[in-house]
Amino acid sequence: MYIDTHCHLSVEDYDDIDLVIKENKENKVNRIIISGCTKDSIIESIDLTNKYEGIYLTIGYHPSEVNEITDKDLELLEEQIKSNSRIVGVGEIGLDYHYGKEDIELQKELFRKQMALAEKLHLPVVIHSRDATEDTIGILKEFPNVIGDIHCFSGSLETAKIYISMGYKIGIGGVVTFKNSNLYKVVEEIGVENIILETDAPYLAPVPVRGKQNSSKYIPYIAEKISEILSISVEKVAKITTENAITLFDLK
Ligand code: NI
């Protein structure tokens, strides 16, 4: 059995959510954690937890939403988290400097506020960090009681080791299957004990379906690649990454 620890599931991307869930189960992906990271997707994903078993959520405002979010929205976020036991973390939250740094201070402020919320509610965080490693680590260090998942990790071994030393798990997705990726070197060194699996669907589909619409049902391709890199059985990858996810997000 597998857990997809990070995906996005919306009618904007998928015509038939029933079919997505059915195909996930056929591929042994029995549990998924949807990331609701905009105001609309949070509402939509909460709705999905009322319709389906095996769906959990992390919710939090993505750094790209920084200009939309007020303190009122943060209060609403807290209420939403408190009122739904399937919400198991805060995220994806973090820093994204890929499209410029004009709003860097606002991003940091929003990130800190949501880290503080996770600390207050004793929940793990799901971190989005793009072209912002140093600042991300700096802010995580301000919250030593918070742990979480470094979502869609694609950095250096040195960076991975810093996150691990702070209690974070490394989220490995489709990028590890890409020919031009060096992520296998990180996987080789950190081992399956520090990894959780994710698709980030509908984005970043793994080889051999690269370029297509991604879905949680493709998690086994990522697990197979990791088993190949580490020369361990795919069953062991499934077992340990599932245990890691259950522990980190305290899944019931
Ligand atoms: Ni995502």
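The values are calculated or read from the model by the stated rules, or taken from the named source; none is laboratory data. A quick note: this is a predicted structure, and the numbers were derived from the prediction, not measured. Here the Cβ positions follow ideal geometry from the backbone for every residue, glycine too, while neighbour counts run over all protein chains shown. With ligands, DNA and RNA removed, areas are computed over all heavy atoms of the protein, side chains included. Shrake-Rupley method; radii C 1.70, N 1.55, O 1.52, S 1.80 Å.
Taken over segment 76-103, residues that are among the polar types (S, T, N, Q) and surrounded by fewer than 11 Cβ atoms within 10 Å (Cβ to Cβ) amount to 2.
Do you know which of the residues in segment 151-163 that are farther than 14 Å from residue 193 by Cα and crowded, with 23+ Cβ neighbours inside 10 Å is farthest from the ligand (Cβ to nearest atom)? Filtering segment 151-163 for residues that are farther than 14 Å from residue 193 by Cα and crowded, with 23+ Cβ neighbours inside 10 Å, the one farthest from the ligand (Cβ to nearest atom) comes out as 153. Any idea which residue in segment 215-230 is farthest from residue 173 (Cα to Cα), counting only those that are in contact with a Leu (Cβ under 7 Å, 6 or more places away or on another chain) and within 16 Å of the ligand (Cβ to nearest atom)? Going through the qualifying residues, I end up with 219. Looking across segment 34-47, the residues that are in a helix (DSSP H, G or I) and open to solvent by 10 Å² or more (accessible area, probe 1.4 Å) come down to 39, 40, 41, 43, 44, 46, 47. The listed residues are 169, 239, 212, and the only one of them that is open to solvent by 40 Å² or more (accessible area, probe 1.4 Å), within 16 Å of the ligand (Cβ to nearest atom) and either over 18 Å from residue 126 (Cβ atoms) or touching a residue at least 24 places away in the same chain (Cβ under 8 Å) (or both) turns out to be 169. Is there a residue in segment 46-55 that is out of contact with any Leu (no Cβ under 6 Å at 6 or more places or on another chain), closer than 21 Å to residue 122 by Cβ and not polar (S, T, N, Q)? For segment 46-55, residues out of contact with any Leu (no Cβ under 6 Å at 6 or more places or on another chain), closer than 21 Å to residue 122 by Cβ and not polar (S, T, N, Q): present. Scanning segment 79-111 for residues that are among the β-branched types (Val, Ile, Thr) and farther than 16 Å from residue 36 by Cα gives a single hit, 104.
Condition check ((1) in contact (Cβ under 8 Å) with a residue 12 or more places away in the chain; (2) in contact with a Leu (Cβ under 8 Å, 6 or more places away or on another chain); (3) within 13 Å of the ligand (Cβ to nearest atom); (4) closer than 27 Å to residue 220 by Cβ) across all residues:
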| residue | (1), (2), (3), (4) |
| --- | --- |
| 3 | yes, yes, no, yes |
| 21 | yes, no, no, yes |
| 40 | no, no, no, no |
| 69 | yes, yes, no, no |
| 76 | no, no, no, no |
| 94 | yes, no, yes, no |
| 117 | yes, yes, no, no |
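Out of everything in segment 9-19 that is open to solvent by 30 Å² or more (accessible area, probe 1.4 Å) and within 16 Å of the ligand (Cβ to nearest atom), what residue ends up being farthest from residue 152 (Cα to Cα)? Among those that are open to solvent by 30 Å² or more (accessible area, probe 1.4 Å) and within 16 Å of the ligand (Cβ to nearest atom), it is 12. Only one of the numbered conditions (1) touching a residue at least 40 places away in the same chain (Cβ under 8 Å); (2) at negative phi; (3) surrounded by fewer than 18 Cβ atoms within 10 Å (Cβ to Cβ) is not met by residue 250, and that is (2).
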